[in-house]
Ligand code: SF4
């Protein structure tokens, strides 16, 4: 088992299934993926409740609704003027380009679809991959700030790598399994929120064991363990 799958097994064993993405429909997941940019999920939930109350939790309706009206409703999610524009752009893309035909979208070549999504206003790598994985059930690994922090602290990869390099690292270390990719990202978010915070809580963290630091098992030694622990303390 490689280090990436070992970490997954450990986290799944400790935390169990995370039941992501929190959303009842494909459209709600797409909307949530835009609203969650730079904010926490509680704020997104408030914005989604507002949209639901006004019967606007639909890409088609958002595409038809004036920008200002959307902005007021999604205010709790922060950066609401920018996010309203992004939400409109994403809604118009799915509506006008694909007629919100998600079964057809699910059958398109993955990289072509990803490339196209990345051309939509306000859709960056993380948002595109969240939509692909959680809304469209496509096998991609979602990289976020928690992924980078945990990976860096465990010596999995270097700092300042491009998004796609980190994504390729995880994807090449894991089987092509949508449920596993779905769960893995959610587990890393949980680990990042509860333990691997800016000031890490290593003492009680489920990954604070030598076998979860990147080193081949046969050469793993006290020296390497100390090196890795020193690395963590430096980051602290
Ligand atoms: S809190 Fe410490 S042990 Fe846990 S993932 Fe972060 S660096 Fe690793």
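The values are calculated or read from the model by the stated rules, or taken from the named source; none is laboratory data. Quick caveat: nothing in here was measured; it's all calculated off a predicted structure. Positions of Cβ are backbone-derived with ideal geometry, glycine not excepted, and every protein chain shown enters the neighbour counts.
Quick grid of which residues meet (1) assigned to a helix (DSSP H, G or I); (2) at pLDDT 95 or above; (3) near the ligand (Cβ under 10 Å from one of its atoms); (4) surrounded by fewer than 18 Cβ atoms within 10 Å (Cβ to Cβ):
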site	(1), (2), (3), (4)
165	yes, yes, no, yes
182	yes, yes, no, no
185	yes, yes, no, no
218	yes, no, no, yes
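Quick one: which residue in 7, 48 is in a helix (DSSP H, G or I) and over 30 Å from residue 152 (Cβ atoms)?
Working: 7 fails: over 30 Å from residue 152 (Cβ atoms).
When all the criteria are applied, what remains is 48.
Tallying residues that are touching a helix residue (DSSP H, G or I) at 6+ places or on another chain (Cβ under 7 Å) and without any contact (Cβ under 8 Å) to a residue 12 or more places away in the chain within region 84-100 yields 1.
When the test is whether a residue is crowded, with 16+ Cβ neighbours inside 10 Å, assigned to a helix (DSSP H, G or I), more than 16 Å from the ligand (Cβ to nearest atom) and in contact (Cβ under 8 Å) with a residue 40 or more places away in the chain, residue 150 does not pass it. Note on region 167-180: among residues that are more than 16 Å from the chain's Cα centre (by Cα) and assigned to a helix (DSSP H, G or I), the one that is nearest to the ligand (Cβ to nearest atom) is 173. Would you mind stating whether residue 67 is over 23 Å from residue 192 (Cα atoms) and surrounded by 22 or more Cβ atoms within 10 Å (Cβ to Cβ)? So residue 67 does not fit the description; no.
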